[in-house]
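Taking it in order: structure first as structure tokens, then the write-up.
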Amino acid sequence: MFSLLGFGIYFLLWWMAFFVVLPIGARSAAETQTEIVPGAERGAPLQHHLGRKALWAAGLAAVCWAGVYVAVEADLFAIRAP
């Protein structure tokens with residue numbers, strides 16, 4: 001499983017986890033009643049914290065990848081030929 005396929009599965013899990021954690025903690029100027037900059041989108045977050053969210057996504061993806069690894073090694077999906 002520690003191959004290109006394993007890396008590909010981790011990458012897909014990371015990308016999905018990133019989209020899950022992306023809206024967590026995001027507050028817009030409209031929600032916080034602060035001044036909205038002219039020309040800016042009302043729903044745009046004031047601070048996005050992308051680095052922190054990428055690390056959270058990496059941890060979440062690692063946990064999910066470990067679960068997939070255990071499931072494949074235990075042959076829970078019956079994907080190996082008899």
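The values are calculated or read from the model by the stated rules, or taken from the named source; none is laboratory data. All figures in this text were calculated on a predicted structure; none of them were measured in a lab. All Cβ positions, glycine included, derive from the backbone under ideal geometry; neighbour counts span all protein chains shown. All accessible areas refer to the heavy atoms of the entire protein, side chains included, with ligands and DNA or RNA removed. Shrake-Rupley method; radii C 1.70, N 1.55, O 1.52, S 1.80 Å.
Suppose we keep only residues that are open to solvent by 100 Å² or more (accessible area, probe 1.4 Å) and not in a helix (DSSP H, G or I) within segment 11-40. Which one would you say is nearest to A58 (Cα to Cα)?
Across segment 11-40, the extreme among qualifying residues is I24.
Return the residues of segment 2-24 that are farther than 25 Å from G43 by Cβ and either among the aliphatic types (A, V, I, L, M) or touching a His at 6+ places or on another chain (Cβ under 7 Å) (or both); say none if nothing qualifies.
L4, L5, I9, L12, L13
From G43, G59, G6, which residue is in a helix (DSSP H, G or I) and modelled with pLDDT under 90?
Values: G43 fails: in a helix (DSSP H, G or I); G59 fails: modelled with pLDDT under 90.
Result of the check over G43, G59, G6: G6.
Going residue by residue through segment 67-74, is there one that turns out to be among the hydroxyl-bearing types (S, T, Y), at pLDDT below 95 and over 19 Å from the mean Cα position of the chain (by Cα)?
So far as segment 67-74 goes, no, none of its residues is among the hydroxyl-bearing types (S, T, Y), at pLDDT below 95 and over 19 Å from the mean Cα position of the chain (by Cα).
Could you run through segment 41-82 and say how many residues are aliphatic (A, V, I, L, M) and open to solvent by less than 50 Å² (accessible area, probe 1.4 Å)?
First, pick out the residues of segment 41-82 that are aliphatic (A, V, I, L, M): 44, 46, 50, 54-55, 57-58, 60-63, 66, 68, 70-72, 74, 76, 78-79, 81.
Going one step further and asking which of them are open to solvent by less than 50 Å² (accessible area, probe 1.4 Å), we end up with 44, 54, 57-58, 61-62, 66, 68, 71-72.
Within segment 41-82, residues that are aliphatic (A, V, I, L, M) and open to solvent by less than 50 Å² (accessible area, probe 1.4 Å) number 10.
Looking at this structure, is V37 β-branched (V, I, T) and in contact (Cβ under 8 Å) with a residue 24 or more places away in the chain?
Judged against the criteria, V37 is not a match.
For segment 62-78, how many residues meet the condition of being of a type in the set (D, E) and part of a loop (DSSP other than H, G, I, E, B)?
Final tally of qualifying residues: 1.
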